[in-house]
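Derivation of every value follows stated rules applied to the coordinates shown; laboratory data play no part. Being a predicted model, the structure only gives us computed values, none of them experimental. Virtual Cβ from ideal backbone geometry, glycine too; neighbours counted across all protein chains shown.
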Amino acid sequence: LAKTTQPISMDSYEGQEVNITCSHNNIATNDYITWYQQFPSQGPRFIIQGYKTKVTNEVASLFIPADRKSSTLSLPRVSLSDTAVYYCLVGDVDSGYSTLTFGKGTMLLVSP
Amino acid sequence: KAGVTQTPRYLIKTRGQQVTLSCSPISGHRSVSWYQQTPGQGLQFLFEYFSETQRNKGNFPGRFSGRQFSNSRSEMNVSTLELGDSALYLCASSLGRQGDRPGYTFGSGTRLTVV
């Protein structure tokens, strides 16, 4: 599975847009990019998934450049409840099964 | 629909004992994966079961084992507990078939403390 690199931590204020970038230089052709959110003592929660260009859902947007060697999770107008660890994962989810290799994640702290 | 259910939510065990954790996947999901999360090592893959067969295994000692029943419910067992086994154990379920995206839904985990 492709290894990912994310910032260890980020700080923001309520109402701001937050962009978390993930590097995955050796991403494979069949790999998708998936982002999870995790609160303390809870399991990771799926946020968004994409293959190329831009994907948007009700909570976030995912931007993937043409070379797919990086991706950016964009959280619009964050609130205090968005304080959590965000994980970027890359893998061939179409294979029918895959082990999710989690990196260290990005600890996002949102302040009032 | 009901999510992934893990029981018990919290557990305290003594070194040398064994423990069994349970995971009930989302109805219709046939794949169950287990992960260990510690502050030092982060989230690490333990093993995955699909249709009662282990089809993938992480780099953990043989003290860690699991199984899956015909109703897709899964259990993991840790024997001869060590202090370092204290962790949040997470279960994730998925359909497990090709094209299953986004795929994985996690439970809230079992917090195991070994004293």
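Arrange the peptides B:51-60, B:104-113 so that the one whose residues have, on average, the most other Cβ atoms within 10 Å appears first.
So the peptides B:51-60, B:104-113, ranked by packing, come out B:104-113, B:51-60.
In debye, nearest 20: dipole of chain B around its Cα centre with unit charges on the Cβ of K, R (+) and D, E (-)?
On the way: 13 positive and 6 negative charges, 31 e Å.
Rounded to the nearest 20 debye, it is 140 debye.
Work out how much length A:Thr53 to A:Asn30 would gain on full extension: take 0.36 nm times their residue separation and subtract the Cα-Cα distance, in nm to one decimal.
Working it through step by step, the gained length comes to 6.8 nm.
With θ taken as phi - 60° and the coefficients 6.51, -1.76 and 1.60, list the Karplus ³J(HN,Hα) couplings across segment A:40-46 in order, rounded to whole Hz; mark glycine and proline as x.
Calculated HN-Hα couplings, in order: x, 6, 10, x, x, 10, 4 Hz.
Need one number: the % of Cα-Cα pairs in the protein assembly as shown sitting beyond the 26 Å mark.
Here the long-distance tail beyond 26 Å is 38 percent of all Cα pairs in the protein assembly as shown.
For B:Lys57, list the lysines whose Cα falls under 19 Å from its own Cα; do not include residues on the same chain fewer than 8 positions away.
Correct list for B:Lys57: A:Lys3.
Using each residue's phi in segment A:20-33, evaluate 6.51 cos²θ - 1.76 cosθ + 1.60 at θ = phi - 60° and report the 3J(HN,Hα) Karplus result to the nearest Hz, with x for Gly and Pro.
10, 9, 10, 9, 8, 5, 10, 5, 8, 4, 8, 6, 9, 10
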